[in-house]
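A.B. asks: Got a structure here, written out as structure tokens. Questions coming.
The values are calculated or read from the model by the stated rules, or taken from the named source; none is laboratory data. Just so you know, these numbers come straight off a predicted model, no measurement behind them. Every residue, glycine among them, receives a Cβ derived from its backbone with ideal geometry; neighbour counts consider all protein chains shown. We work out accessible area using only protein heavy atoms, side chains counted, and drop any ligands, DNA or RNA first. Shrake-Rupley method; radii C 1.70, N 1.55, O 1.52, S 1.80 Å.
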Amino acid sequence: MSVDLLLGLQWGDEGKGKIVDVLTAKYDIIARFQGGPNAGHTLVFNGRKHVLHTIPSGIFHEGKINLVGNGVVIDPVIFKNELDKLEEVGVDYKKSMLISRKAHLILPTHRIIDAVSEKSKGKKKIGSTLKGIGPTYMDKTGRNGIRVGDLESDNWLEKYRNLANKHQKMVNFYDVDLEYNLEELEKEFFAAVDVLKTLNFTDSEEYIFNAQKNNKSILAEGAQGSLLDIDFGTYPYVTSSNTTAAGACTGLGVAPNSIKDVYGIFKAYTTRVGSGPFPTELFDEDGETMGRIGKEFGATTGRSRRCGWLDLVALKYACQINGVTQLMMMKADVLSGFKTIKICTSYLYKGNEIEHFPYDINSENIEPIYKSFNGWEDDLTQKEDFNDLPKSLKEFISYIEKELNIPMSIVSVGPDRKQTIFV
Ligand code: GDP
Ligand code: IMO
Ligand code: MG
């Protein structure tokens, strides 16, 4: 059977966790394929909120397999914390979780390098989540990394020590002050590694291949968003992995022709956390209202998210790169009460109007051109049927569908699992 993908079309935090949880019932296997604990995926059900960082968002459903693919980077310490939280709520993850032997490990020294690298950049910092993501992927592509499968070999500690020693030299190279206690960090790390080793390690590409052969359905869960992709995002203000559809092929070992549906998920407005260009960013009351009503604070770092209007130029770009087949719009409820709602439909770029996403979207080059829509007053959070949505919201939705030439399959009207309207 084929594989479906769910991906963020903006700068992350679109609501991927919520929708993966909603869709899990339809699938046998939920698989993460890239990123790591920089992600924060929020699920809300039965009056309780859960935040996952590395563990796939299908974990709360019994009888489903949750697979952490080779493209993911794992921090054993954060992973263990996630497991502890699952245990608290009685989730039996031992049988339902699989971890790829080829996934790379985030070492304590990767986090330290991330911190000194950011500090040394000053105002030009990426605004990384400081989880060691960049340095870990650098070691992966530099062919120095330590993988989950290494934990099964006798000499992994030697490998660890060599790499950690090298990292310490790199830290000294940065010449910035950072206080840390490596001994303490390592104690915590090795304890967490022992817990990780009690889980099922697998050759996940083989597992996925056989699962497809045996007609199992698979949903691949993206992390971050398309505009944070290492190749297609707003470089260098991006993450260090391919967050777009191709990342699912390399991050799971899935062949391109076995991918069927690509669910593209976006907010009815835009948010971004960390540094980097953001053409439709608002610095006025409207932006403040979106942040307040939408509770726009990072699920991983707690930082406030920058807010702005929906950017259709960027959205179109993301749909093209990912081959999106179905759209899912989140947080429509947050826009209730706005008199006018805007969509950026083109950019004024170096004096010319353009409709494509250019190489450089820095604010000195770009001015967004907007189309205005009537707002709606209705509280959407109790709506269950698409037909009951206000007329102006339906117009907003059909404009987006028409411009992107992709149908909308879900409109989300609140954080809870139940606040999901299937179109
Ligand atoms: P992810 O990283 O893509 O999984 O998204 P996050 O969990 O980081 O951020 C999405 C936030 O919006 C979380 O706090 C969700 O609980 C919340 N959320 C998701 N969908 C909706 C929605 O339709 N309406 C509202 N108001 N909140 C939502
Ligand atoms: P989810 O999966 C939003 C951002 C960081 C920073 C940049 C690089 O929850 O949508 P990194 O730590 O990856 O080196 O940071 O990417 N970032 C995210 N922003 N949602 C995320 O994940 C993010 N993961 C990384 O804020 O700007
Ligand atoms: Mg998030």
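A.B. asks: Students often forget the sequence filter, so: which lysines lie under 25 Å Cα-Cα from Lys402 once same-chain residues fewer than 8 apart are removed?
C.D. replies: In chain and number order, the partners are Lys16, Lys260, Lys267, Lys316, Lys331, Lys339, Lys342, Lys371, Lys383, Lys391, Lys394.
A.B. asks: Please work out whether the range 176-254 counts as rounded, prolate or oblate from its C-alpha gyration tensor, where a ≥ b ≥ c are the square roots of the eigenvalues and a/c under 1.5 means rounded, while otherwise a/b larger than b/c means prolate and anything else oblate? The partial results should precede the final answer.
C.D. replies: Details: a/c = 3.93, a/b = 1.24, b/c = 3.17.
It is oblate, given that a/c is not under 1.5 and a/b is not larger than b/c.
A.B. asks: I need the phi-derived Karplus couplings for the range 36-41: 6.51 cos²θ - 1.76 cosθ + 1.60, θ = phi - 60°, integer Hz, Gly and Pro marked x.
C.D. replies: Result, ordered by residue: x, x, 5, 6, x, 10 Hz.
A.B. asks: Work out from phi, with θ = phi - 60° and the Karplus expression 6.51 cos²θ - 1.76 cosθ + 1.60, the ³J(HN,Hα) of each residue of the range 340-356, listed in order in whole Hz, and give x for Gly and Pro.
C.D. replies: Values per residue, Gly and Pro as x: 10, 10, 10, 10, 7, 10, 7, 10, 8, 10, 6, x, 10, 7, 10, 10, 10 Hz.
A.B. asks: Would you mind working out the magnitude of the charge dipole of the chain relative to its Cα centre, with +1 at each Lys and Arg C-beta and -1 at each Asp and Glu C-beta, to the nearest 20 Debye?
C.D. replies: Working: 51 positive and 57 negative charges, 86 e Å.
Roughly 420 debye for the chain.
A.B. asks: Cα centroids of the range 88-143 and the range 365-408: how far apart, whole angstrom?
C.D. replies: 37
A.B. asks: Considering the chain as a Gaussian network with a 10 Å cut-off on Cα pairs, which listed residue, Arg111, Arg292, Arg101, attains the greatest mean-square fluctuation?
C.D. replies: In the Gaussian network model the winner is Arg292.
A.B. asks: Can you tell me which aspartates and glutamates have their Cα less than 17 Å from the Cα of Lys95? Leave out same-chain residues fewer than eight positions away.
C.D. replies: List returned: Asp28, Glu62, Glu82, Asp84, Glu87, Asp203.
A.B. asks: Could you pull out every residue, at least 5 positions away or on a different chain, whose amide H is within less than 5 Å of the one on Asp75? Hs are placed 1.01 Å off N in the peptide plane, and Pro or chain starts have none.
C.D. replies: Result for Asp75 returns Ile106.
A.B. asks: Can you compute the charge dipole magnitude of the range 20-88 about its Cα centre, using +1 on each Lys and Arg Cβ and -1 on each Asp and Glu Cβ, nothing else charged? Give it in debye, rounded to the nearest 20.
C.D. replies: Values: 7 positive and 8 negative charges, 37 e Å.
Charge dipole, the range 20-88, about its Cα centre: 180 debye, nearest 20.
A.B. asks: With a 1.4 Å probe and every protein chain left in place, work out the accessible area per residue of the range 39-125 in Å², rounded to a whole number.
C.D. replies: On the way: 3440 Å² over 87 residues.
Accessible area per residue, the range 39-125: 40 Å².
A.B. asks: Using θ = phi - 60° and the Karplus curve 6.51 cos²θ - 1.76 cosθ + 1.60, what whole-Hz ³J(HN,Hα) does each residue of the range 300-310 get, with Gly and Pro shown as x?
C.D. replies: 9, 10, x, 5, 6, 8, 6, 10, x, 5, 4
A.B. asks: Which residue fluctuates most in the GNM of the chain (Cα springs below 10 Å): Glu88, Glu206, Glu281?
C.D. replies: Answer for the Gaussian network model of the chain: Glu88.
A.B. asks: What are the trypsin sites (Lys or Arg not before Pro) within the range 318-411 that DSSP puts in a loop, where the Cβ has at most 14 other Cβ atoms within 10 Å? Numbers along the way, then the final one.
C.D. replies: Values: sites: Lys331, Lys339, Lys342, Lys350, Lys371, Lys383, Lys391, Lys394, Lys402; in loops: Lys331, Lys339, Lys350, Lys383.
Listed in order of number, the matching sites are Lys339, Lys350.
A.B. asks: Please build a GNM for the chain, connecting alpha carbons under 10 Å apart, and tell me which residue among Ala223, Ala255, Ala318 fluctuates the most.
C.D. replies: Between Ala223, Ala255, Ala318, it is Ala255 that shows the largest mean-square fluctuation.
A.B. asks: Hey, what's the range 128-176 come to in accessible area per residue, 1.4 Å probe, Å²?
C.D. replies: Details: 2920 Å² over 49 residues.
Spelled out: the 1.4 Å probe surface of the range 128-176, per residue, equals 60 Å².
A.B. asks: Taking the Cα centre as origin and putting +1 on Lys and Arg beta-carbons and -1 on Asp and Glu beta-carbons, what dipole magnitude results for the range 266-354, to the nearest 20 debye? Walk me through the intermediate numbers first.
C.D. replies: Details: 12 positive and 9 negative charges, 46 e Å.
That gives the range 266-354 a dipole magnitude of about 220 debye.
A.B. asks: Per residue, how much accessible area does the range 343-423 have with a 1.4 Å probe, in Å²?
C.D. replies: Working: 4660 Å² over 81 residues.
Accessible area per residue, the range 343-423: 58 Å².
A.B. asks: At a 1.4 Å probe radius, carbon and sulfur cover how many percent of the accessible area of the chain? Before the final figure, lay out each step's value.
C.D. replies: Details: 8930 of 18590 Å².
With neighbouring chains kept in place, the figure for the chain is 48 percent.
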